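These notes concern the structure reproduced below.
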Amino acid sequence: MRTLTYLVACSIDGFIGDPEGDASSMFRFLDEEYLGYLATEYPETVNTEGRRALGIADAPNRHFDTVIQGRGSYRLGLDAGMPSPYGHLRQIVASRTMGASPHPDVEIVADDLAARVRALKAREGPLGIWLCGGAGVAGELMDEVDELVVKTYPQLYGSGMPMFGGVRFALADFVLHDVRSFGNGVVVRRYGRNR
């Protein structure tokens, strides 16, 4: 069975963006060391345009063959002229309002996203599924998340968009698998669900 990994950037206090969801303040931490790590360890999480810019356009996917994101996350790429931002992955966008997909390689899922994820997880294959965001989609899929990769940036937001939106208290234990820290203050932690 394949896994669903929520790989996400957040502030020290657990916010993935400001109250409107803007996380652009984190971009200044994308220095050479950290970008090198992302390009080597998680090349599939770099959008198609970024892969070209980093010279890794043909890099094989290491962990994931599918990306799931919410309408808000997808809209960032769409507004930047990228209707298929992760062309090297199967792309699924969770949206009850978008209607038709703006690109033939992007599947829109309007209802029962968890069932769609369970079906994807049941498929055979060596690579998993990347949950890219946003908070509402992560909240909806919280019970399906098998692994967390949390990229913590050295910033405090105080308030903003949480990692998991729209959920009531629900305790879930995870086991820490590894930690990687960088000179810019970013810390990447990988956890597996303790089932």
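The values are calculated or read from the model by the stated rules, or taken from the named source; none is laboratory data. Worth saying up front: this structure is predicted, and the values here are computed from it rather than measured. With ideal geometry, Cβ positions are generated from the backbone for all residues, glycine too; neighbour counts draw on all protein chains shown. These area figures cover heavy atoms from the full protein model, side chains too; ligands, DNA and RNA do not enter into them. Shrake-Rupley method; radii C 1.70, N 1.55, O 1.52, S 1.80 Å.
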Share of carbon and sulfur in the accessible heavy-atom surface of region 127-191 [1.4 Å probe, %]: 54
Of [x] 9, 36, 41, 14, 0; [y] 9, 37, 37, 15, 2; [z] 8, 32, 31, 18, 9, 1, which is the value of P(r) over Cα pairs in 10 Å bins from 0, in percent derived from the coordinates here? [x]
Sequence-distant or interchain residues sharing an amide H contact under 5 Å with Phe64, placed H: which? Gly128
From the Cα centre of region 1-65 to that of region 85-105, the distance in Å is 19
Rounded to the nearest 5, what is the percent of antiparallel bridges among the DSSP beta bridges in the chain? 40
Under the Karplus relation 6.51 cos²θ - 1.76 cosθ + 1.60, θ = phi - 60°, what is the ordered set of whole-Hz ³J(HN,Hα) values for region 119-136, x standing for Gly and Pro? 5, 5, 5, 6, 5, 6, x, x, 10, x, 10, 9, 8, 8, x, x, 4, x
Cleavage-rule hits (GluC sites (Glu not before Pro)) in region 72-146: DSSP loop, at most 12 neighbouring Cβ within 10 angstrom: Glu124
Assigning unit charges at the beta carbon (Lys, Arg +1; Asp, Glu -1) and nothing else, what dipole magnitude in debye, to the nearest 20, does region 49-195 show about its Cα centre? 260
Rounded to the nearest 500, what is the 222 nm mean residue ellipticity of the chain from helices alone, with -39500 (n - 2.57) per DSSP H run of 4+ residues and division by all residues? -6000 deg cm²/dmol
How about region 91-195: which chymotrypsin sites (Phe, Trp or Tyr not before Pro) there lie in a loop by DSSP and see at most 10 other Cβ atoms within 10 Å? Phe169
